[in-house]
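A quick write-up on the structure given underneath.
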Amino acid sequence: MSSEIEPLYRSCFAEPPWNEPEEKLAQSSDRLADAAGRPGFTALAARDPEGTLIGLAYGWPTPPLAGREIYDKLVARLGTEQAHALTRGAFEFVELMVSPDARGQGLGGRLLALADPWPRAWLATLADSPAERLYKRHGWQEHCRLLDDAWVIYTRE
């Protein structure tokens, strides 16, 4: 599956509103390989009838809040105590991507089911993005906006 990640990631995140830089696009397969080694890593993939990867979601139970930029932003916005309360014992969606050709068919909602075994889950997304609308449609609640207001934290309980 590793060779399939970059084309999917690129199709999802190279264009607005994401505009991911080339370096990040090119490293998407490596990031997934690294993520797969994290404790509790879980992923859900979707393929079309021909077997092409058209969707992927992955994440893990949130570890102690260190080592990722998003954790630093959470602590800066909420304070250490509230950031830990939000993330402790929760599933963290790290990536959710659906090929542009497969959007509008309910696939994003099916990928969100990755968090179903968890009593709580959270994720970060860009404000006013199509992804934000997906999360709202599926009952996720806005928890806060990060200091730069470009990123929104959503939770599901």
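The values are calculated or read from the model by the stated rules, or taken from the named source; none is laboratory data. Predicted model, so just to flag it, every value in this text is computed and none were measured. Note: ideal-geometry Cβ built from the backbone for every residue, glycine included; neighbour counts use all protein chains shown. With ligands, DNA and RNA removed, areas are computed over all heavy atoms of the protein, side chains included. Shrake-Rupley method; radii C 1.70, N 1.55, O 1.52, S 1.80 Å.
Summary table below
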| read-out | value |
| --- | --- |
| Sole residue being more than 18 Å from GLY59 (Cβ to Cβ) and touching a residue at least 24 places away in the same chain (Cβ under 8 Å), chosen from PRO119, PRO130 | PRO130 |
| In the range 126-157, residue most open to solvent (accessible area, probe 1.4 Å) [restricted to those that are out of contact with any strand residue (DSSP E or B) (no Cβ under 7 Å at 6 or more places or on another chain) and in a helix (DSSP H, G or I)] | ARG137 |
| Selection count where residues are part of a helix (DSSP H, G or I) and either open to solvent by less than 40 Å² (accessible area, probe 1.4 Å) or without any contact (Cβ under 8 Å) to a residue 40 or more places away in the chain (or both), scope the range 8-37 | 18 |
| Residue tally, condition surrounded by fewer than 17 Cβ atoms within 10 Å (Cβ to Cβ) and touching a helix residue (DSSP H, G or I) at 6+ places or on another chain (Cβ under 8 Å), over the range 51-63 | 1 |
| Conditions (1) closer than 21 Å to PHE13 by Cβ; (2) open to solvent by 20 Å² or more (accessible area, probe 1.4 Å); (3) modelled with pLDDT of 95 or more; (4) acidic (Asp, Glu): number failed by GLU92 | (2) |
| Number of positions in the range 40-50 that are more than 17 Å from the chain's Cα centre (by Cα) and open to solvent by 50 Å² or more (accessible area, probe 1.4 Å) | 3 |
| Failed item in (1) part of a helix (DSSP H, G or I); (2) free of Cβ contacts under 8 Å to residues at least 60 places away in the same chain; (3) open to solvent by 20 Å² or more (accessible area, probe 1.4 Å); (4) under 26 Å from SER11 (Cβ atoms), with ALA113 passing the rest | (2) |
| Test for GLY104: is it without any contact (Cβ under 8 Å) to a residue 60 or more places away in the chain and not in a helix (DSSP H, G or I) | yes |
| Residue match in the range 64-79 (condition: open to solvent by less than 80 Å² (accessible area, probe 1.4 Å), closer than 22 Å to ALA131 by Cβ and either free of Cβ contacts under 8 Å to residues at least 12 places away in the same chain or touching a Gly at 6+ places or on another chain (Cβ under 8 Å) (or both)) | yes |
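Residues are listed down the side, and each one gets a yes or a no for (1) in a loop (DSSP other than H, G, I, E, B); (2) out of contact with any Cys (no Cβ under 6 Å at 6 or more places or on another chain); (3) closer than 27 Å to GLU15 by Cβ:
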position	(1), (2), (3)
PRO63	yes, yes, no
ILE70	no, yes, yes
GLN82	no, yes, no
ALA85	no, yes, no
MET97	no, no, yes
